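So the structure is just underneath, and the comments pick up after that.
The values are calculated or read from the model by the stated rules, or taken from the named source; none is laboratory data. Source: prediction; values computed, not measured. Here the Cβ is made from the backbone with ideal geometry for all residues, glycine too, and neighbour counts use every protein chain on show. The protein model used for the area step is the full one, side chains on, heavy atoms only, and it has no ligands, DNA or RNA in it. Shrake-Rupley method; radii C 1.70, N 1.55, O 1.52, S 1.80 Å.
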Amino acid sequence: MYGMLLESVQHFIQLEYGEETWLAILESVGYRNTVFRTHHIYPDELIMKLADAAVTLVANGSTRQDFLRFFGRCFVRYFSHYGYEKFIKVCGRYFCDFLTGIDNIHLQMRYMYPKMVSPSMYISHEDADGVLLHYRTTRNGFCPYLIGQLHQIANDFYGIPLTVEELPNTPFSQEESYQFRFRLNFDNRDYMAGRAACNGSLELGRINISNRGSVKTIASEKALSSLSSSILMQLFPFTLVFRPNLEIISAGRQLKNMFPGDMLIGQPLPDVARIRRPKLLFTWDNLYSLQKVLCEMEILPASQIERKNTRHLAPERADAVAHRGAKEESRRLLLQGQLRYLSDWDAMIFLCNPLINNLEDMDGMGLTINDLSLHGHGRDMVMAGWQHNSRLEDLYERAEERSQQLQQTYELQDEWKKRGDKLLYSMIPQSVADSLRSGTDPVNTCQAFESITVLFVELANIDEITATSPMEAVSCMNSVFSCFDNIIDQHSVYKVETVGKVYMVVGGAPETNETHVRDVALVALSFRDEIEKIVNSSEMSVHIRIGFHTGSAVAGVVGRKMPRYCFFGDTINTAARMQTTSLPGKIHISHNSFCRLQKLDGFVCELRGTVLVKGKGEMNTHWLLRYELPSIEEPK
């Protein structure tokens, strides 16, 4: 579908539900920061996804069908921005006139939207209370959208109330197509009265008018002499006439020239042509119902018609026909016009003209300018189209280029926003950052945690490396801290900061959980083991000291320039002391952390003893040695 349909949805959702709702809907369907382009083609299922997302995010009790009807009404309200409401106003005096000409509107719109896959609609019954509308489409699920459009047009342009009732479908053999029938109920009395008056008053009769004492007789329309069929075929050189059994009995002058030897006469119409629009089975009843609809037929190449009869030809003639058919296979004649039943002839006449867009189409059909009738607009359209085509193509390409540049700009903006978010979330937890974005004061982001586990790890001998080779020290710290970053990504812990040669990790904050002691213990063991692997596999000689403690703390954002998410409390000081009093290659833990680990299976610890801790005095501490997977006892 073209982007204009989606533009209408965007405009009225923003208008009625707000910009934030629309952005949320876009993000939920995977089109974040998308600018819909009027002439760009989008997937048909996108409008269904937008309706489903609206059901969830608007949450006003509406269903998908309700939103699709709303989208249909939005389109009618929106296309006035392009001036199309003037087109609707001149389609007919009555709503029934508009319904009859919907297919004609779609055919005219294809010049502006050449890739439009429009549905086909026609009326099979009219009465004073409404009509029976047939709707054929290649898309399934768009009936509510159509109903919304019809309601809005009936209300805005004709001022009449409309109710729509979907009827059981009739069998339809076209592949990949869907057929629906609707009973449209509305006040159709004026239209029916006007049609009856038109049908019943064609004959003017004879009128006596006094003119200088004499009587002048004016003949009625009915008194005109009959028009011969030969003149009719000259006036409409591409006309086809066929019987109720679909046998062609006459053809226009130009068709006879293109298909010599009365090739078309006597042939069944389905053998020489096919209906391109509307898509119907080739039956008399179907064609009879299309007398108010603009129709398109495709006449097959002469060689293809001949090929069907090659079994009756001599082998040499059949080979010649096949050879000529290979050259003319692409020369298909497209005819557009109106079907009318002539009761005097008991036949249907197809009054039509070739469907030509440009000079290339004319050459492809094997036609020239002189082949087109003078009273039609075919000559003017072809020549004007040729003159203005290059200019229109240039304007279209420029508009497309601007749209693509705008789309690329939004995509680039989205990419940089993601990068900015990633950088921000590396400094401040996402939940806190989102709260600050919404306008929350930084002080109000402070949060007290009853129980968290804080870990510090220090590069013990980095000062010695710095003294001998500063660049080696920087490379060493980068390798070690990058290794630590990869490890914590695999656990439910939060990296607070790196200050100098110290790396700080917290479990249980800012997202609280009950497994923080276990998570931090596993991280500490992974730090130690990975550093041993680095030392053993490279010339890098680095040692780390690790310590952690469990307790309560407070956290929040402090500062306005380069704000940081910081933790405060005695727990942080104690954890830092566990690290400073640790030994290289060892994991030093407090008694609080040890007691919690003892409640978990698999962690092996060792008593270190009493340690004098600055600011805390003497404390009983332990070493965390390893983690052993609990053994599973086999059933007896």
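Some notes on this structure:
- Between Leu612, Leu624, the distinction of being at pLDDT 90 or above and outside any loop (DSSP other than H, G, I, E, B) belongs to Leu624 only.
- If you check Leu46, Leu50 for being hydrophobic (A, V, I, L, M, F, W, C) and under 23 Å from Leu412 (Cα atoms), only one passes: Leu46.
- Lys614 open to solvent by 50 Å² or more (accessible area, probe 1.4 Å), over 60 Å from the mean Cα position of the chain (by Cα) and farther than 24 Å from Glu532 by Cα: yes
- Which listed residue is in contact with a Phe, Trp or Tyr (Cβ under 7 Å, 6 or more places away or on another chain), in contact (Cβ under 8 Å) with a residue 60 or more places away in the chain and either over 19 Å from Asn592 (Cα atoms) or loosely packed, with under 13 Cβ neighbours inside 10 Å (or both), from Val502, Val443, Val457, Val542: Val502
- Residue match in the range 369-386 (condition: closer than 26 Å to Leu333 by Cα, at pLDDT below 80, out of contact with any Cys (no Cβ under 9 Å at 6 or more places or on another chain) and among the basic types (Lys, Arg)): yes
- The range 138-171, subset among the polar types (S, T, N, Q) and over 21 Å from Cys96 (Cβ atoms), residue least open to solvent (accessible area, probe 1.4 Å): Thr170
- Pair list, Cβ < 7 Å and 6+ apart or interchain, from the range 402-427 residues that are without any contact (Cβ under 8 Å) to a residue 12 or more places away in the chain to residues that are assigned to a helix (DSSP H, G or I) and open to solvent by less than 80 Å² (accessible area, probe 1.4 Å): Leu424/Ala433; Tyr425/Ala433
- Within the range 482-499, considering residues that are in contact (Cβ under 8 Å) with a residue 12 or more places away in the chain and of a type in the set (Ser, Thr, Tyr), the one surrounded by the most Cβ atoms within 10 Å (Cβ to Cβ): Tyr494
- Boolean, Tyr78 is surrounded by 15 or more Cβ atoms within 10 Å (Cβ to Cβ), in contact (Cβ under 8 Å) with a residue 24 or more places away in the chain, within 26 Å of Pro43 (Cα to Cα) and in contact with a strand residue (DSSP E or B) (Cβ under 9 Å, 6 or more places away or on another chain): no
- Enumeration of residues in the range 272-308 that are open to solvent by 60 Å² or more (accessible area, probe 1.4 Å) and not aromatic (Phe, Trp, Tyr): Arg274, Arg276, Lys279, Leu281, Asp285, Lys292, Arg307, Lys308
- The range 455-496, residues that are out of contact with any helix residue (DSSP H, G or I) (no Cβ under 8 Å at 6 or more places or on another chain) and hydrophobic (A, V, I, L, M, F, W, C): Ala460, Ala467, Met471, Val474, Phe481, Val496
- Filtered residues of the range 2-27 (kept if without any contact (Cβ under 8 Å) to a residue 60 or more places away in the chain and either open to solvent by 10 Å² or more (accessible area, probe 1.4 Å) or outside any helix (DSSP H, G or I) (or both)): Gln10, Gln14, Leu15, Glu16, Tyr17, Gly18, Glu19, Glu20, Thr21, Leu23, Ala24, Glu27
- Selection of the range 531-580 for residues being among the acidic types (Asp, Glu) and modelled with pLDDT of 90 or more yields only Asp570.
- Residue identified as open to solvent by 20 Å² or more (accessible area, probe 1.4 Å) and part of a strand (DSSP E or B) among Ser124, Ser118: Ser124
- Filter pass, Ser438 being open to solvent by less than 40 Å² (accessible area, probe 1.4 Å), out of contact with any strand residue (DSSP E or B) (no Cβ under 9 Å at 6 or more places or on another chain) and free of Cβ contacts under 8 Å to residues at least 12 places away in the same chain: no
- Residue tally, condition open to solvent by 20 Å² or more (accessible area, probe 1.4 Å) and either within 29 Å of Cys476 (Cα to Cα) or free of Cβ contacts under 8 Å to residues at least 12 places away in the same chain (or both), over the range 505-518: 2
- Residue under evaluation Asp129, criteria (1) under 19 Å from Gly101 (Cβ atoms); (2) at pLDDT 90 or above, criterion not met: (1)
- Residue satisfying condition, being among the basic types (Lys, Arg), touching a residue at least 60 places away in the same chain (Cβ under 8 Å), open to solvent by 70 Å² or more (accessible area, probe 1.4 Å) and touching a Gly at 6+ places or on another chain (Cβ under 8 Å), within set Arg69, Arg37: Arg69
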